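Asker: Mind having a look at this structure? Questions to follow.
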Amino acid sequence: MNADKPLALITGVGPGTGTALVKRFTEAGYRVAMVARNADRLLDLEQEIEGTIAVPCDVTDPQALAEAIKKVGAPRVVVHNAVGGAFGTWDQIDPETLRQNMEINAMALLTLARLTAPAMVEAGEGAIIVTGNTSAQRGSASFAGFAPSKAAQRILAESLARDLGPKGVHVAYLIIDAVIDVAWARKLHADKGDDFFISPSSIAAEVFHLAHQPRDAWSFLAEVRPFHEKW
């Protein structure tokens with residue numbers, strides 16, 4: 001693997017958006033450190049996609065994240081795609097569910113920033129991109145165990161952006177207002193056609209775009225949705 005290539009670190013590398021992100025960045029000449037709890041999946045992807053590094057890790061474990069980043073080196077781009085989700089109203093959810101989702105969605109972002117942003121600031125360049133959704137902007141009744149953690153994530157990302165932007169590090173938050181086209185979602189929405197979904201590759205393309213915007217035209221909050229989606 002060519003160590004001269006820039007490094008991207010992507011969390012939440014599952015079979016949908018995470019894998020699409022890995023492919024988009026490797027196609028553009030990046031080495032990609034893939035972070036997720038499923039070691040077998042990561043090792044399979046490492047064999048399948050040239051330029052990748054499998055880094056099995058629980059993002060809620062600060063020490064494990066620190067060791068992972070020590071192993072792969074300082075990334076130029078970090079994409080926090082790991083997500084903890086849940087359905088249920090306030091009286092249906094287990095409070096522990098919300099706490100765990102806070103750890104994945106918000107606290108892990110803080111840990112990632114603390115571990116990677118200083119080197120980006122020293123280099124005078126870098127990007128931290130967070131994949132979010134509409135739960136970051138509104139508290140639907142059945143998302144009581146999820147939306148608060150995504151709202152906290154968005155606000156934390158904004159705080160990071162306001163501090164790190166003037167130091168040369170671009171932080172952006174991508175709202176995904178759509179059902180992502182993965183196997184379980186297809187099964188759940190079996191009556192829907194192709195244009196009901198957003199493809200993981202389209203999300204990956206927008207994340208890559210945000211990470212490479214010119215310095216005179218940085219976005220913080222961006223949104224993507226299918227053309228027919230009501231909003």
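Values in this text are rule-based calculations from the coordinates and carry no lab data. Please read these numbers as outputs of a predicted model, since none were measured by experiment. Neighbour counts run over all protein chains shown; Cβ positions are idealised from the backbone, glycine included.
Asker: Would the range 111-123 turn up any residue that is assigned to a loop (DSSP other than H, G, I, E, B) and among the basic types (Lys, Arg)? Show your work before the answer.
Answerer: Let us first name the residues in the range 111-123 that are assigned to a loop (DSSP other than H, G, I, E, B), namely none.
No, because not a single residue in the range 111-123 is assigned to a loop (DSSP other than H, G, I, E, B) and among the basic types (Lys, Arg).
Asker: Given the conditions (1) more than 17 Å from Gly12 (Cα to Cα); (2) in contact (Cβ under 8 Å) with a residue 24 or more places away in the chain; (3) under 20 Å from the mean Cα position of the chain (by Cα), which single one is not true for Ala183?
Answerer: With (1) more than 17 Å from Gly12 (Cα to Cα); (2) in contact (Cβ under 8 Å) with a residue 24 or more places away in the chain; (3) under 20 Å from the mean Cα position of the chain (by Cα) applied to Ala183, the lone miss is (1).
Asker: Going through the range 1-37 one residue at a time, which ones are closer than 25 Å to Phe197 by Cα and of a type in the set (S, T, N, Q)?
Answerer: Of everything in the range 1-37, those that are closer than 25 Å to Phe197 by Cα and of a type in the set (S, T, N, Q) turn out to be Thr11, Thr17, Thr19, Thr26.
Condition check ((1) aromatic (Phe, Trp, Tyr); (2) under 17 Å from the mean Cα position of the chain (by Cα)) across all residues:
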{"residue": "Pro95", "(1), (2)": "no, no"}
{"residue": "Arg99", "(1), (2)": "no, no"}
{"residue": "Ala108", "(1), (2)": "no, yes"}
{"residue": "Pro118", "(1), (2)": "no, no"}
{"residue": "Thr134", "(1), (2)": "no, yes"}
{"residue": "Phe146", "(1), (2)": "yes, yes"}
{"residue": "Lys150", "(1), (2)": "no, yes"}
